[in-house]
Amino acid sequence: MSLKLIKEEKLLNFIDGEWKEPSSDEYTKVYNPANLELLVQVPLSRAQDVQDAVQTAKQAQKSWALVPAPQRAEVLFRVGTLMKERKERLSQLLTMENGKVIEEARGEVQEGIDMAFYMAGEGRRLFGQTTPSELKDKFAMSVRAPVGVVGIITPWNFPIAIATWKSFPAIVAGNAVVWKPATETPIMAYELARIFQEAGLPKGVVNVVFGSGSTVGEAMIEQDDIRVISFTGSNEVGREIAGKCGQRLKKVSLEMGGKNAVIVMEDADLSLAVEGILWSAYGTSGQRCTACSRVMVHESVKEELEDRLQSEIAKLTIGNGLDESIKVGPIINRSGIEKIKNYIQIGKEEGAELLTGGYVLNSGEHRKGNYFAPTLFTNVTGDMRIAQEEIFGPVVSLIPVKNMEEAVAINNSVEYGLSSSIFTRDVNKVFAAQRDLDTGIVYVNAGTTGAEIHLPFGGTKGTGNGHRDSGVAALDVFTEWKAVYVDFSGKLQRAQIDVE
Ligand code: UN1
């Protein structure tokens, strides 16, 4: 299946409102993971391109910051409208470059549309506080000021949604953006840049520089004029970025994955739990930061859950996500497949029992793409590597437990803390679990995926460094608090001293 939705064979960087060749003249090829067809070539830019983008952004930001926020928001309303008009085209392109099935691609594009309208609304809020002064005839308030130029580094697994989570709050708050999208999924960046252009975003407010993390990402960190780096990606890379940004006193916001778990208690609605596990574990082929990869199940319902999951897994259709009947798409690339294969081996060696899956699908239609069979291990213990480390594939480990306390302790025993879920009908367990689960997101009677854009997104421990994407919390990443004191007494009043 070959849909020629974009004309370009080579994508270009987007700097100062124009499409520019990279200074390197080097490109890398982007393939559709469903059939390995060549989609486009993407620039491997150099530090010089980043510098050009930053200089442009710096100039553009000065006048953009002076545009009243409600007018800045008008651009986002137009961006949202254009995304809505192009939803189907964007979704198809997203499926082609990322592999996620078309229904999920539509969901991801919708997430971006929602973010556009939500953040456009912030143009009329961007709330600060007014507060009394301790002195007479003095007024005190805090306002949000833009930080200046921000750098955003986005992953391939949500190439448009996460780009909107980071760029839209930055824009509405009066910043300019230098954006490095993942080289695996450049088409969404190209499409979004075109939408910014058509929506009338002034030149230079958003700049896209394609290329590798080690060259372009590194150059972004080294640019003193980039005051914030917002990154979503691996824990390993995130730590490196944080270290380098720390040295430079650059603010850095990190979102680095998870080892998310569903807890199924003895009183759970098992049909609902099965649906929730299937959707959050095998949807997106497990390539979500929020994907469920562990299930702590009460021992009294373990066998029934195993049986039901196995029979539902057998019904999952796997293939090219452009086909509406397909439920599970491909894995992004060969190295993703290799990583998953390696964990299957580790699981077997650790003594986990493989119930289904555990192999690469490489016959018939599947031969052409990167497909991995949905996999279920059971009799896993919480300390096994397959229950501790992020696999980023369609692999679930069932861990039998005796009670909720044990399940919560296992949930909290991993390095990550993004999302967790509990299936129970007991209100006491619900409230205790939401308090005790050490994750940034907790679901009750739903799987571990499906965060909504007006709530904070992120997590504890190795998932992040205390910041959040999405919701009002995102504004904290892209603004500086400024405290403003206005003394209208006509005399010099000294705080902490001239008080009766
Ligand atoms: C991610 O996997 O990095 O909650 C983002 C969800 C989606 C976002 C996932 N709304 O699963």
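The values are calculated or read from the model by the stated rules, or taken from the named source; none is laboratory data. Remember, it's a predicted structure, so these values are computed and weren't measured experimentally. Virtual Cβ from ideal backbone geometry, glycine too; neighbours counted across all protein chains shown. Accessible surface areas use protein heavy atoms only, side chains included; no ligands, DNA or RNA. Shrake-Rupley method; radii C 1.70, N 1.55, O 1.52, S 1.80 Å.
Compute the separation of the alpha-carbon centres of segment 6-66 and segment 374-419 and state it in Å as a whole number.
Using only Cα atoms, the two centres lie 40 Å from each other.
Using θ = phi - 60° and the Karplus curve 6.51 cos²θ - 1.76 cosθ + 1.60, what whole-Hz ³J(HN,Hα) does each residue of segment 296-305 get, with Gly and Pro shown as x?
Values, residue by residue: 8, 10, 4, 4, 6, 10, 4, 5, 5, 5 Hz.
How big is the dipole moment of the chain about its Cα centre under a simple scheme where the beta carbon of each Lys and Arg is +1, that of each Asp and Glu is -1, and everything else is neutral? Debye, nearest 20, please.
Here the size comes out at about 1340 debye.
Could you please put THR381, THR56, THR232 in sequence from largest to smallest accessible area, using a 1.4 Å probe?
My answer, sorted largest first, is THR381, THR56, THR232.
Would you grab the residues whose amide H sits under 5 Å from the one on ILE152? Only those 5+ places off in sequence or on another chain, please, with H modelled 1.01 Å from N.
The answer is VAL178, TRP179, LYS180, SER230.
How far, in nm, would the chain grow between TRP19 and ALA409 when pulled straight, counting 0.36 nm per residue and subtracting the alpha carbon separation?
135.2 nm
Using a 1.4 angstrom probe, figure out how much accessible area segment 373-500 has per residue, in square angstrom, rounded to the nearest whole.
Accessible surface, normalised per residue, equals 46 Å².
What FRET efficiency would be calculated for the residue pair ALA314, ARG86, taking the C-beta separation as r and a Förster radius of 41 Å, to the nearest 0.05?
E between ALA314 and ARG86, to the nearest 0.05, is 0.65.
Heavy atoms of the protein only, probe of 1.4 Å, neighbouring chains included. What is the accessible area of LYS203 in Å², nearest 10?
Counting only protein heavy atoms, the figure is 120 Å².
Measure off, as a whole percent, the carbon and sulfur share of the 1.4 Å-probe accessible area of the chain, all protein chains present.
The computed percentage sits at 50.
Ordered by residue, what ³J(HN,Hα) values in Hz, to whole numbers, does segment 308-315 give under the Karplus form 6.51 cos²θ - 1.76 cosθ + 1.60, where θ = phi - 60° and Gly and Pro are x?
Running phi through 6.51 cos²θ - 1.76 cosθ + 1.60 with θ = phi - 60° gives 5, 4, 4, 6, 6, 4, 4, 8 Hz.
Using only Cα atoms, tell me the angle between helix 87-98 and the longest principal axis of the chain; keep it within 0 to 90° and round to the nearest 10.
60 degrees
Can you pull the accessible area of GLU389 for me, 1.4 Å probe, Å² to the nearest 10?
Counting only protein heavy atoms, the figure is 50 Å².
Divide by every residue of the chain the summed helix terms, -39500 (n - 2.57) for each DSSP H run of at least 4, and state the resulting mean residue ellipticity at 222 nm, rounded to the nearest 500 deg cm²/dmol.
Roughly -11000 deg cm²/dmol at 222 nm, from the helical runs in the chain.
Per residue, how much accessible area does segment 7-122 have with a 1.4 Å probe, in Å²?
Per-residue value: 42 Å².
Would you mind checking which residues have amide H under 5 Å from VAL40's amide H? H placed 1.01 Å from N; only 5 or more apart, or other chain.
Those lying under 5 Å, H to H, from VAL40 are VAL30.
Whenever you get a sec, line up TYR282, TYR485 from highest to lowest accessible area (probe 1.4 Å, protein heavy atoms).
Of TYR282, TYR485, the descending order of accessible area is TYR485, TYR282.
Could you state the angle between the C-alpha long axis of helix 161-172 and the longest principal axis of the C-alpha atoms of the chain, as a value from 0 to 90 degrees rounded to the nearest 10?
The helix 161-172 is inclined about 10 degrees to the chain.
With both bridge residues required to lie in the chain, what share of the DSSP beta bridges run antiparallel, to the nearest 5%?
45 percent
Angle between the Cα long axis of helix 270-282 and the longest principal axis of the chain, 0 to 90 degrees, nearest 10?
70 degrees
Can you give me the C-alpha center-to-center distance between segment 122-178 and segment 239-314, rounded to a whole angstrom?
Centre-to-centre distance over Cα atoms comes out at 31 Å.
So the label point goes 7 Å from the Cα of THR460 along Cα→C-beta, right? Which residues of segment 380-414 then have their backbone N under 16 Å from it?
Inside the label zone: 405-414.
How big is the Rg/Rh ratio for segment 84-225, C-alpha atoms only, Rh by Kirkwood, two decimals?
Dividing the radius of gyration by the Kirkwood radius yields 1.08.
Amide H of SER133: which non-local residues (sequence gap of 5 or more, or other chain) have their own amide H closer than 5 Å, using H built in the peptide plane?
Counting only residues 5 or more places away or on other chains, the set is ALA140.
Using the Karplus curve 6.51 cos²θ - 1.76 cosθ + 1.60 with θ = phi - 60°, work out ³J(HN,Hα) for each residue of segment 29-44 in order, rounded to whole Hz, and write x for Gly and Pro.
Karplus-based 3J(HN,Hα) across segment 29-44 equals 8, 10, 10, 6, x, 6, 8, 6, 6, 6, 9, 8, 10, 10, x, 9 Hz.
Filter the cross-link list LYS10/LYS180; LYS348/LYS368; LYS341/LYS368; LYS348/LYS402; LYS180/LYS482; LYS166/LYS251 down to pairs whose alpha-carbon distance in this structure exceeds 20 Å.
The answer is LYS348/LYS368; LYS348/LYS402; LYS180/LYS482.
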